[in-house]
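Enquirer: Mind having a look at this structure? Questions to follow.
No value in this document is a laboratory result; all are computed from the given coordinates. As the structure is a prediction and not an experimental result, all values here were calculated from the model. All Cβ positions, glycine included, derive from the backbone under ideal geometry; neighbour counts span all protein chains shown.
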Amino acid sequence: MSEQMDRMAEPNAELREALLRRYGRVRPDGFGQQLRFHGKRLAWKAVVGGAYVFKRLLDVFAAAVLLLLLALPLLTLALLIRLESPGPVLFRQIRVGRWGKLFTLWKFRSMYIDAEARKAALLAANESGGGVIFKMKQDPRITQVGRFIRKASIDELPQLWNVLVGDMSLVGPRPALPSEVNQYSLADRRRLEVTPGITCIWQVSGRSDIPFPEQVKLDVQYIESSSFWQDILILFKTVPAVLLGRGAY
């Protein structure tokens with residue numbers, strides 16, 4: 001019995017020795033090696049931190065300029081919304097941001113004020129693949145002005161304020177509702193690793209026509225390969241995606 005246990009322990013001992021040889025010294029020995037180690041670490045932090053600062057500067061500059069340039073059209077749109085349907089011009093909603101932080105997201109109101117109360121009766125007609133989010137192409141809760149601003153994604157423009165104050169970025173995964181995040185798998189929660197955005201990679205690839213699992217897959221791909229130039233490319237692709245209105249409802 002003792003011999004059998006010794007034979008069983010031999011592979012484990014060999015594995016332990018191999019692991020110790022590979023990972024036993026996680027810190028480099030010698031002043032020169034330590035200097036190179038810390039230099040590489042600081043360089044990596046500078047690259048990552050610099051990219052974040054540069055992206056934030058772009059967000060603030062672009063959001064401020066767009067809010068100034070679009071001030072008059074936005075006021076006109078606010079008047080049209082108010083004339084068609086009683087209620088507030090802006091719609092606010094709690095969304096989940098980076099690392100699960102809650103914030104107030106702003107949109108132009110595109111639905112009647114009793115839309116949330118009517119949602120329960122429409123859940124069976126949900127056309128979003130995956131069941132986490134709710135979408136309907138012919139949603140009866142949407143006003144006439146609302147259909148237009150949704151089709152053109154104009155309802156999202158007040159989120160430039162969210163970008164300005166730091167809750168959102170111009171580019172990033174769309175911010176989810178807390179009820180949606182409660183249904184996320186561990187893989188889905190990777191979307192919370194970055195600041196949410198007004199536009200994202202799946203919005204320029206088909207928008208609501210893309211099922212939820214595929215949206216998550218595309219968002220994770222964006223997170224893993226995120227760069228300044230990728231953000232610029234997505235912003236350029238957003239223009240034809242909005243003009244064509246494909247997948248918007």
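Enquirer: Percent of Cα-Cα pairs per 10 Å bin, from 0 to the last occupied bin, for the range 56-244, please list those.
Expert: P(r) over the range 56-244, rounded to whole percents: 9, 35, 41, 15, 1.
Enquirer: Roughly what would the spin-label model give for Thr104 and Arg36, points 7 Å off Cα along C-beta, in nm?
Expert: The answer from the label model is 5.5 nm.
Enquirer: To the nearest 0.05, how large is the calculated FRET efficiency for Glu193 and Val165 if R₀ is 25 Å and r is the Cβ-Cβ distance?
Expert: 0.75
Enquirer: Let me ask something else. Rounded to the nearest 0.05, what FRET efficiency do Val60 and Ala152 give with R0 = 35 Å and r taken as the Cβ-Cβ distance? Could you check?
Expert: 0.90
Enquirer: Give the calculated FRET efficiency between Gln138 and Phe236 to the nearest 0.05, with a Förster radius of 30 Å applied to their Cβ-Cβ distance.
Expert: Once the sixth-power term is evaluated, E becomes 0.45.
Enquirer: Can you count the Lys pairs in the range 56-244 whose Cα atoms are under 27 Å apart, with each pair 8 or more apart or on different chains?
Expert: 21
Enquirer: Determine the gain in length on full extension of the stretch Glu17-Leu67; use 0.36 nm per residue of separation and subtract their C-alpha separation, reporting nm with one decimal.
Expert: My answer for the length gained is 11.8 nm.
Enquirer: Give me the percent relative contact order of the range 56-244, please, defined on Cα pairs under 8 angstrom at least 6 residues apart.
Expert: 23
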